[in-house]
1. Please return the ranges of helices (runs of 4 or more DSSP H) entirely within the range 1-69 where 2 or more residues are under 26 Å from the mean Cα position of the chain (by Cα) and modelled with pLDDT of 85 or more.
2. In the range 85-100, how many residues are in contact with a Phe, Trp or Tyr (Cβ under 8 Å, 6 or more places away or on another chain) and aromatic (Phe, Trp, Tyr)?
3. Pairs, please: C-beta under 9 Å, at least 6 apart or cross-chain, first residue at positive phi and in the range 184-206, second at pLDDT below 95 and buried (at least 23 other Cβ atoms within 10 Å of the Cβ)?
4. Being outside any helix (DSSP H, G or I) and either without any contact (Cβ under 8 Å) to a residue 60 or more places away in the chain or farther than 18 Å from Phe35 by Cβ (or both) is the filter here; which residues of the range 73-100 pass it?
5. Can you give me the number of residues within the range 317-340 that are over 25 Å from the mean Cα position of the chain (by Cα) and not aliphatic (A, V, I, L, M)?
6. Of all the helices (runs of 4 or more DSSP H) wholly in the range 268-362, which have at least 3 residues that are open to solvent by 60 Å² or more (accessible area, probe 1.4 Å)?
7. Can you find a residue in the range 107-120 that is at pLDDT below 95, buried (at least 20 other Cβ atoms within 10 Å of the Cβ) and outside any helix (DSSP H, G or I)?
8. Of the residues Leu144, Leu181, only one is closer than 26 Å to Ile217 by Cβ, touching a strand residue (DSSP E or B) at 6+ places or on another chain (Cβ under 8 Å), at pLDDT 95 or above and in a helix (DSSP H, G or I); which?
Amino acid sequence: MIFNLLAPLADDFQLFNLFRYLTFRAGAACMTALFLSLFLGPALIRYLRATQNGGQPIREDGPQSHLLTKKGTPTMGGVLILLGLVVSTLLWADLRNGYVWAVLLVTLGFGALGFADDWLKVTKRNTKGVSGRHKLIAQGLVGLAAAIWMMLLLPAPLDGTLALPFFKELLVPLGFAFPLLAALVMVGASNAVNLTDGLDGLAIVPVMIAGGVFALISYLVGNRVFADYLQLHFVPGTGELAVFLSALIGAGLGFLWFNAPPAKVFMGDTGSLSIGGALGAVAVATKHEIVLAIVGGLFVVETLSVVIQVFWFKRTGRRVFLMAPLHHHFEKKGWAEPTIVIRFWIIAMVLALVGLSTLKIR
């Protein structure tokens, strides 16, 4: 909004030329989201605590320590992330950009689904929420709509194709199957972050790390000079997503202030489903879907731990892990929560560096 209002004045007033710079607006979006999160956080947490009557329900079959340390903590803190993220994006991004709106569609659509899930949990005082089947159907429909939208925005020959790391010229043609794959990426990323969100601060920092990597990717692939020099697929318009991702980082930092151990609020599905879906949507727009699986490798491992556990238990009646997702396995082994969280953060940073190394840079 600020960009659309002030950038046209740059021709007459040199001062306003600053608002044309993507890097300036990305930094401003990050700081705006951080300020909003820190400013609104205390009041929102008080409201959630007063209205949720006992906070987020804790799984009876989960780690016993959670029944003591996390009981009564309010959930739906993802509202705080979404407020900072969406308001900052609307203020600082170019609202004529279709990619911005497509990614916001996924973020808000998945966020609304997560909100409904959290609301059912706190009102019915159980951990069920929206059924898994209905959740996947809703996510799939939103993801498919956004995927078709982005397919129409992508230039030929990038539309309807899958790009592979290291190979600039190789594009795997998918045709009308591309929206299905793209929706799968968004839904998969959303649920992977959701499964990782089980300890204080565990999910939000890897999301910010992945967000930082994809902010750089968005900036590079959206700039023809950089994209050609670094041998990346040029996707005009995606540079504007750097503003969105910078806002995500700022909102995440503000949320972490209140989510740091011991957490005053949990993000809930409102936060985890929305920000995971946002990362997936940006990966689709920038043609780096496979790189997301590397950069977000921590989320992939957490998801695989659940899949393996369920499959093996149904097949043999025995468990591979003491408990799934993987972070609970280490809790059962006696690791302290801060130890697990920080070590997982380190793994996330290493995987982000590995993901960056896959870029087709000379």
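1. On the way: elements: 2-6, 22-52, 64-69.
Hits in the range 1-69: 22-52.
2. Going through the range 85-100, the residues in contact with a Phe, Trp or Tyr (Cβ under 8 Å, 6 or more places away or on another chain) turn out to be 85, 89, 92-95, 98, 100.
Those still in the list that are aromatic (Phe, Trp, Tyr) too: 92.
The total comes to 1.
3. Pairs that qualify, where the first residue is at positive phi and the partner is at pLDDT below 95 and buried (at least 23 other Cβ atoms within 10 Å of the Cβ), are Gly201/Asn259.
4. From the range 73-100, those outside any helix (DSSP H, G or I) are 73-77, 93-97; that's our starting set.
Matches in the range 73-100: Thr73, Pro74, Thr75, Met76, Asp94, Leu95, Arg96, Asn97.
5. Kept after step one, since they are over 25 Å from the mean Cα position of the chain (by Cα), are these residues of the range 317-340: 317-322, 332-336.
Add one more test, that the residue is not aliphatic (A, V, I, L, M), and what stays is 317-319, 321, 332-335.
Result for the range 317-340: 8.
6. Details: elements: 268-285, 289-295, 297-316, 326-332, 337-357.
Qualifying helices (runs of 4 or more DSSP H): 297-316, 337-357.
7. No: the range 107-120 contains no residue that is at pLDDT below 95, buried (at least 20 other Cβ atoms within 10 Å of the Cβ) and outside any helix (DSSP H, G or I).
8. Working: Leu144 fails: touching a strand residue (DSSP E or B) at 6+ places or on another chain (Cβ under 8 Å).
Step by step, each of Leu144, Leu181 is checked, and only Leu181 is closer than 26 Å to Ile217 by Cβ, touching a strand residue (DSSP E or B) at 6+ places or on another chain (Cβ under 8 Å), at pLDDT 95 or above and in a helix (DSSP H, G or I).
The values are calculated or read from the model by the stated rules, or taken from the named source; none is laboratory data. Note that this is a predicted model, so its numbers are computed, not measured. For neighbour counting, all protein chains shown are included, and Cβ atoms are generated from backbone atoms with ideal geometry for every residue, glycine included. Quick note on the areas: whole protein, heavy atoms, side chains included, nothing else; ligands and nucleic acids left out. Shrake-Rupley method; radii C 1.70, N 1.55, O 1.52, S 1.80 Å.
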